[in-house]
Structures are given as C-alpha cells and as structure tokens.
Amino acid sequence: MTEPGIIFKEIHKYSIHAFELQEHIARIPRQIKAQKTRIERMEKEFKDFQDLLKKIKVSIHEKEVSFKELNAKIAKLQKQQNEASDNKAYDALKTEIGTTKAEISKVEDEILFAITEQEEKTAALPEQEKLLKTAKAEAIAIEKSSTERKAELEKQLTETSALLKSAESQLSAEHLPKYLRIVQSFKHDALSPLEGKTCASCATEITSQMMNEVRNYMFVACKSCNRLLYLSEQEERVFRESEAADEA
C-alpha cells in the first residue's frame, strides 16, 4: 500500500483541478445569461428609440394642427376687429390677436425643433439597428463557443474525478475514514503542502516530530487547521538533496 503522504499530493492536485473545472463550468451559464440580458436591454433601448420617434411624429402632427387652428383664429379675430363698432372692442381684439400670434410663434418654433430632432434620430436609427444585430450575432457565437467549452470542461471533470477517486482508493482502510471526515469539512481544500515547516493553509509551524512524519509520508494533520499535510515538490527536493548530502 502506497504511503498516505505520497497519495495526498496526487489527491490535492486532482481535487484542486476538479474544483477549478467546476468553477469554470458554473460560470458558463452565468456568462450566457449575461449576454442574453445585454441583448434584452439593447432590444428595449432600440424599441424605446423607435417609440420616441413615433411620439415625435405624433407631436409634430398635433402641433401642426394647433398651428393651423391658431392661424384660423387669427383670421377670425382680424375679421372681428375690422367689424368692431367701438374702440374698446377693437383694442380688446387687437390684444387677443397679439397673444395668439405669440402662441403661433411658439408653436412654430416647437415644430421646427421637433422636426430637427426627428431628422437626427431617424438618421441615427440604422446605426442603432446595426449595433443590435451585431450584438445578437456576437451573443449567438459566444453561446455556441461557451456550450462547446462547457462540454469539453465536463469531459475533463469526469476524467479528473476518476483520477481523484483512483488516488483516494489507494488510502488504507485505516486512513480512509479520517480522510473522508476531513474532506467533508474542507472539500477541495482539505489538504495543504508545507512551506518549510509551515502549513501553507493556516501559516502555523509544525513540530519537528510532525515534520519527520510528513517527510516519511505518514498520515499527518495540522494541529491548528486540521488539514492533511504533505511535502510540496520543492520541499521534497530540498529534503532529499539534504539527505543525499548527509550520506555523502
């Protein structure tokens, strides 16, 4: 049976990789949803743009009707003024004609402003439509590539999970229950390499006795965070080189 400390290194590698794959897979639906939300927003903005153009057109029509009515009113008032029997009535009609002409001038300015706005927005409409079509095409391409990527990642996850289970199966009946309890608590983060004499997860220094046990690939858990400890490749290389030097 392979020593636990040797197996831990493999387990940690596969469990971290499996976790990263799961994270990538989980992000893909969110990315696709974000694209759909973006398109929905752009579609609403385009529709609002079209609706605004319609409102401007209706507004222009209403103002043109008002313009005609006010001009008709002027003609009527001027006729009444010409037929006025006294100065008081004449002056009153003159005042009303002045007020109506001011209204006509205001409506005329509003019509010109609305027509200018209509022309500007009508000219901008094709570009807005082009942007929407481009965004839709991009979203379709992203969804297609993301779906393909998801399938590839799921395949990698299946392979990595199989490798992880294979590594875990090498643990002895004595060590497996302890290992499973720790994994249940920490998931993919249940193991930790050593950095010198320090647990890489909690930065706690282990005792010399524990260090010797880790170097002999024994089943060792950090006294502080309870994660299972193993020698990183670098620490193992340093230790073996030191051993070789001592023997020489």
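Overview of results
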{"quantity": "Loop-resident sites, the range 114-213, for GluC sites (Glu not before Pro), counting at most 11 other Cβ within 10 Å (DSSP)", "calculated": "GLU174"}
{"quantity": "Residue list for the range 113-157, given a label point 7 angstrom along the Cα-to-Cβ vector of GLU64 and an amide N cut-off under 18 Å", "calculated": "113-123"}
{"quantity": "Distance between modelled label sites at LYS36 and THR204, nm, 7 Å Cα→Cβ extension", "calculated": "4.6"}
{"quantity": "Percent of C-alpha pairs per 5 Å bin, the chain, short to long", "calculated": "1, 5, 8, 9, 7, 6, 6, 5, 5, 5, 4, 4, 4, 4, 4, 4, 3, 3, 3, 3, 2, 2, 1, 1, 0, 0, 0"}
{"quantity": "In degrees, nearest ten, helix 4-82 long axis to first principal axis of the chain (Cα)", "calculated": "0"}
{"quantity": "P(r), alpha carbons of the range 1-130 - 5 Å bins starting at zero, rounded %", "calculated": "2, 8, 10, 9, 7, 7, 7, 6, 6, 5, 5, 4, 4, 4, 3, 3, 2, 2, 2, 2, 1, 1, 1, 0, 0"}
{"quantity": "Cα-based helix-to-principal-axis angle, 176-186 vs the chain, degrees rounded to 10", "calculated": "30"}
{"quantity": "Nitroxide proxy distance, nm - points 7 Å out along Cα→Cβ at GLN184 and LYS130", "calculated": "6.3"}
{"quantity": "Rg/Rh for the range 176-247, where both radii come from Cα atoms and Rh is the Kirkwood radius", "calculated": "1.00"}
{"quantity": "Cβ-based charge dipole, the range 17-168, positive-most Cα from SER161, VAL107, ASN82", "calculated": "SER161"}
{"quantity": "Of SER172, ILE206, ILE182, farthest towards positive along the dipole that unit charges on Lys, Arg, Asp, Glu beta carbons give the range 144-246", "calculated": "ILE182"}
{"quantity": "Degrees between helix 233-247 axis and first principal axis of the chain (Cα, 0 to 90, nearest 10)", "calculated": "20"}
{"quantity": "Segment ALA137-ILE6, extension gain: residue separation times 0.36 nm, minus the distance between their alpha carbons", "calculated": "42.1 nm"}
{"quantity": "About the Cα centre, charge dipole magnitude for the chain (Lys/Arg +1, Asp/Glu -1 at Cβ), debye", "calculated": "960"}
{"quantity": "Approximate spin-label separation GLU110-LYS88, in nm, with each point projected 7 Å along Cα-to-Cβ", "calculated": "3.4"}
{"quantity": "Relative packing of 197-204, 10-17, which averages over residues the other C-beta atoms within 10 Å, highest first", "calculated": "10-17, 197-204"}
{"quantity": "Estimated [θ] at 222 nm from DSSP helical runs (n ≥ 4, -39500 (n - 2.57)) normalised by residues in the chain, nearest 500", "calculated": "-29000 deg cm²/dmol"}
{"quantity": "Principal axes of the range 33-81: Cα extent on each, largest first, Å", "calculated": "70, 9, 5"}
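Bear in mind that the values in this text are calculations on the coordinates, not laboratory data. What you see is a predicted model; the values in this text were computed from it and never measured. Here Cβ is always computed from backbone atoms with ideal geometry, including for glycine, and neighbour counts include all displayed protein chains.
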